[in-house]
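Asks: Provided herewith is a single structure, encoded as structure tokens, for subsequent inquiry.
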Amino acid sequence: MALGIQSFFFHCQFLDGLVPDSHIYNKRNSSYAKWKKNQTVMRCFISVIFLSLVFGHNPDAELPNWKQYFRLGAVQTEASSPGLASYLRLNRTTPYIFQDVRFYGHFFKDNQEIRVRQKTSRRFMSFDWLYSFNTLIYEKNTFIDVNLRYHFNQGLGWLISNSALGNMTAELGIAFDNSDYLNTKQKTSYARGGFTADKKMGNYETKIEVDYFHQVSKLVDNTDLSRIQLVAEAQWSIKKRVAFIIGFTEDLLKDESFNIETPSVFLTFAFKRPLNWTF
């Protein structure tokens, strides 16, 4: 009887030893298969990165061109006393990529117009007259009760003309924003159309930017946030990198008509220069 009991316990221990060994073997086998799969994915990933770095562009032919711009002057609007106008811009361009960061600031005694904008555009290599873009904007405008507007838009653009004497573009895309970013999560969606044109004539240069946002999302409190944003400038170059600029900015809500007395009119002293950055 004792021998039978010992044989029984020996048999159970023997089987009990086999089960963990089998489990460990299967687990190791599964881990090895996953490891092999990860290695294959990693090799493919490294190959793609390597090929994109080797054949993606020619660094010697596509060195980036950096420029910085500064403006300082006065701004006047019918609704407020004269204020301070400021403008900062950092621009990076290659033959196929355009990157731009801008700061607009109009500071009055009781009101403010502030806009920070970052835009990236990429031209298609096969169709270099066509480009994609995305734009991110933070804006404050107490004249129209916007304490902080978060705005994003993206789409496709058409490079109508591009020369040393001026450029002309047209854009179509989609946009959304939150017009009361600090207090609500409500977002508004738009269809967007844009047009820009600048022309150089000797020491003189003109520029116009028009953006139209048509609200496509549901109206809240029967308020339509469709609008037109206008920027127009005329520049007189005193020296190669120094100029005087006069212009205006205005936001026109739906059903509002343009009034020459309502825009913010500014007169600024401008300076620009290239930067010897290579990264």
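The values are calculated or read from the model by the stated rules, or taken from the named source; none is laboratory data. In this text the structure is predicted, and so the values were computed from the model without any measurement. When we count neighbours, we look across all protein chains shown, and the Cβ atoms used for this are built from the backbone with ideal geometry, even at glycine.
Asks: Being surrounded by fewer than 18 Cβ atoms within 10 Å (Cβ to Cβ), at pLDDT 90 or above, of a type in the set (G, A, S) and assigned to a strand (DSSP E or B) is true for just one of S132, S121, S81. Which residue is that?
Replies: The match here is S132.
Asks: Right, here's the next one. Filtering the stretch 141-167 down to residues that are outside any helix (DSSP H, G or I) and among the β-branched types (V, I, T), which residue is nearest to Q229 (Cα to Cα)?
Replies: V146
Asks: So which strands (runs of 3 or more DSSP E) are wholly in the stretch 204-279 and hold at least 1 residues that are at pLDDT 90 or above and closer than 20 Å to I137 by Cα?
Replies: Of the strands (runs of 3 or more DSSP E) lying wholly inside the stretch 204-279, those with at least 1 residues that are at pLDDT 90 or above and closer than 20 Å to I137 by Cα span 204-215, 227-237, 242-253.
Asks: Please go through (1) more than 30 Å from W66 (Cβ to Cβ); (2) touching a strand residue (DSSP E or B) at 6+ places or on another chain (Cβ under 9 Å) for V210 and return the number of the only condition it doesn't satisfy.
Replies: (1)
Every residue, every condition in (1) hydrophobic (A, V, I, L, M, F, W, C); (2) closer than 30 Å to S81 by Cα; (3) outside the structural domain of I228 (by TED's automatic domain parsing), yes or no:
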position	(1), (2), (3)
R115	no, yes, no
N134	no, no, no
N147	no, yes, no
L165	yes, no, no
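Asks: Can I ask one more? What's the total number of residues in the stretch 155-192 that are modelled with pLDDT of 95 or more and under 16 Å from the mean Cα position of the chain (by Cα)?
Replies: Here the count works out to 9.
Asks: Of the numbered conditions (1) out of contact with any Ser or Thr (no Cβ under 9 Å at 6 or more places or on another chain); (2) part of a strand (DSSP E or B), F127 satisfies every one except a single condition; which is it?
Replies: Going through (1) out of contact with any Ser or Thr (no Cβ under 9 Å at 6 or more places or on another chain); (2) part of a strand (DSSP E or B) one by one, F127 breaks only (2).
Asks: What number of residues within the stretch 168-190 satisfy the criterion of being part of a strand (DSSP E or B) and out of contact with any His (no Cβ under 9 Å at 6 or more places or on another chain)?
Replies: Count: 10.
Asks: Filter the stretch 187-227 for residues that are among the aliphatic types (A, V, I, L, M) and crowded, with 17+ Cβ neighbours inside 10 Å and give the result.
Replies: Within the stretch 187-227, just L225 meets the criteria.
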